[in-house]
Amino acid sequence: MNTRRGLRSKTWTRGRATAVAASTAAAVALAGAIQTVVQDHSAPTSTVTTATTQSAPIVERPLNNNCSSGYVTFTFDDGPRENTERVLDALDGFGIDAVFFWNGQRVKGRERTVTRALADGHVIGNHTWDHANLTTGELPNGSTESWGKQWVHSELERTNEALIAAGAPRPTLYRPPYGATNRQVDGVAQELGLRLVMSWGNHADDNIVNTKDNEGATTQEIVDVTILSMRDGSIITMHDGPGVESLDALQAIVDAMNEKGLCATTKLPEDATGRGLELSG
Ligand SMILES: [Zn+2]
């Protein structure tokens with residue numbers, strides 16, 4: 001984790017605030033406190049909640065629903081997490097309906113978050129059970145599963161079942177972690193009625209904006225790459241935590257959408273593959 005992330009993010013947020021005139025020393029101290037908790041991914045829930053509450057984004061100007069230039073789709077991966085409720089609060093404030101790609105193993109105990117996301121008008125897709133690499137069998141903890149179509153099937157179907165048990169309709173979309181898919185994997189997904197939505201495209205024409213908010217991008221970098229690229233049909237890739245950079249970026253992005261005449265939709269373009277299957281064979 002970039003140790004300056006918390007500081008950068010907070011500094012940018014404060015730059016927008018009009019009523020706050022804290023001393024530099026106080027700002028640095030606060031940023032340091034946030035940085036400490038954000039760095040610790042395995043921290044207990046209470047600590048993470050404290051961090052996200054302190055850096056609450058302010059929804060000042062929601063979408064104005066001028067859709068003269070078309071629609072973009074916001075996507076958020078890797079939840080549901082502690083931070084997801086804050087993401088839902090922000091999206092609610094901005095008037096954005098989004099698509100979430102969630103891991104099945106995170107759903108138990110967060111059924112109310114699933115229910116709320118659906119009630120708010122969002123769509124929930126499949127991001128595997130445990131954020132597995134579907135082409136190799138590698139798991140985030142470093143272990144490797146014995147790869148086979150049966151295993152791919154179970155990664156996706158267990159997740160479908162967890163979401164359904166929490167009250168969601170059967171998912172019709174999947175996003176492979178790390179963008180790792182191939183024709184065999186996609187064949188299994190298609191048998192389960194799941195359509196591929198990649199997190200980035202191989203060409204600018206693919207119109208998928210990877211904000212890299214999970215790779216240390218600053219709030220300003222997220223704003224810049226999104227505003228520069230977004231147009232009708234864009235898919236914008238973000239994550240529901242543990243960082244808050246994307247939430248801090250939303251107001252500037254929404255301002256640009258209002259200026260350009262873009263609205264938000266959960267309806268994805270017919271081809272959202274980013275040509276990810278062309279290269280993998
Ligand atoms: Zn992911």
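The values are calculated or read from the model by the stated rules, or taken from the named source; none is laboratory data. What you are looking at is a predicted structure, and each value in this text was computed from that prediction instead of being measured. Cβ placement follows ideal geometry from the backbone for every residue including glycine, while neighbour counts extend to all protein chains displayed.
Hey, can you tell me all the residues within the stretch 72-82 that are over 19 Å from Arg61 (Cβ atoms) and more than 14 Å from the ligand (Cβ to nearest atom)?
Across the stretch 72-82, the qualifying residues are Thr73, Glu82.
Look at (1) buried (at least 17 other Cβ atoms within 10 Å of the Cβ); (2) within 18 Å of the chain's Cα centre (by Cα); (3) under 25 Å from Ala189 (Cβ atoms); (4) within 16 Å of the ligand (Cβ to nearest atom) and you find that Ala117 fails only one, number (4). When the stretch 65-86 is filtered for residues that are touching a Phe, Trp or Tyr at 6+ places or on another chain (Cβ under 6 Å) and closer than 23 Å to Arg231 by Cα, the ones remaining, listed by number, are Phe76, Asp77.
Just wondering, is there one or more residues in the stretch 212-221 that are in contact with a helix residue (DSSP H, G or I) (Cβ under 9 Å, 6 or more places away or on another chain), free of Cβ contacts under 8 Å to residues at least 40 places away in the same chain, in the same structural domain as Leu88 (by TED's automatic domain parsing) and of a type outside the set (D, E, K, R)? Checking the stretch 212-221: at least one residue is in contact with a helix residue (DSSP H, G or I) (Cβ under 9 Å, 6 or more places away or on another chain), free of Cβ contacts under 8 Å to residues at least 40 places away in the same chain, in the same structural domain as Leu88 (by TED's automatic domain parsing) and of a type outside the set (D, E, K, R). One residue alone among Arg175, Arg183 is basic (Lys, Arg) and farther than 23 Å from Ile236 by Cβ, and that residue is Arg183.
If you go through the stretch 237-271 and pick out every residue that is within 19 Å of Thr172 (Cα to Cα) and surrounded by 23 or more Cβ atoms within 10 Å (Cβ to Cβ), you end up with 1.
Kindly indicate whether any position in the stretch 142-157 is within 16 Å of the ligand (Cβ to nearest atom), in the same structural domain as Asp213 (by TED's automatic domain parsing), part of a helix (DSSP H, G or I) and touching a strand residue (DSSP E or B) at 6+ places or on another chain (Cβ under 8 Å). Taking every residue of the stretch 142-157 in turn, at least one turns out to be within 16 Å of the ligand (Cβ to nearest atom), in the same structural domain as Asp213 (by TED's automatic domain parsing), part of a helix (DSSP H, G or I) and touching a strand residue (DSSP E or B) at 6+ places or on another chain (Cβ under 8 Å).
Restricting to the stretch 92-121, count the residues that are in contact (Cβ under 8 Å) with a residue 40 or more places away in the chain, among the hydrophobic types (A, V, I, L, M, F, W, C) and within 25 Å of Met257 (Cβ to Cβ).
8
Scanning the stretch 81-109 for residues that are assigned to a loop (DSSP other than H, G, I, E, B), of a type in the set (A, V, I, L, M, F, W, C) and more than 12 Å from the chain's Cα centre (by Cα) gives Ile96, Val107.
Do you know which of the residues in the stretch 127-141 that are exposed (fewer than 14 other Cβ atoms within 10 Å of the Cβ) and more than 14 Å from Val185 (Cβ to Cβ) is farthest from the ligand (Cβ to nearest atom)? Out of the qualifying residues, it is Asn141.
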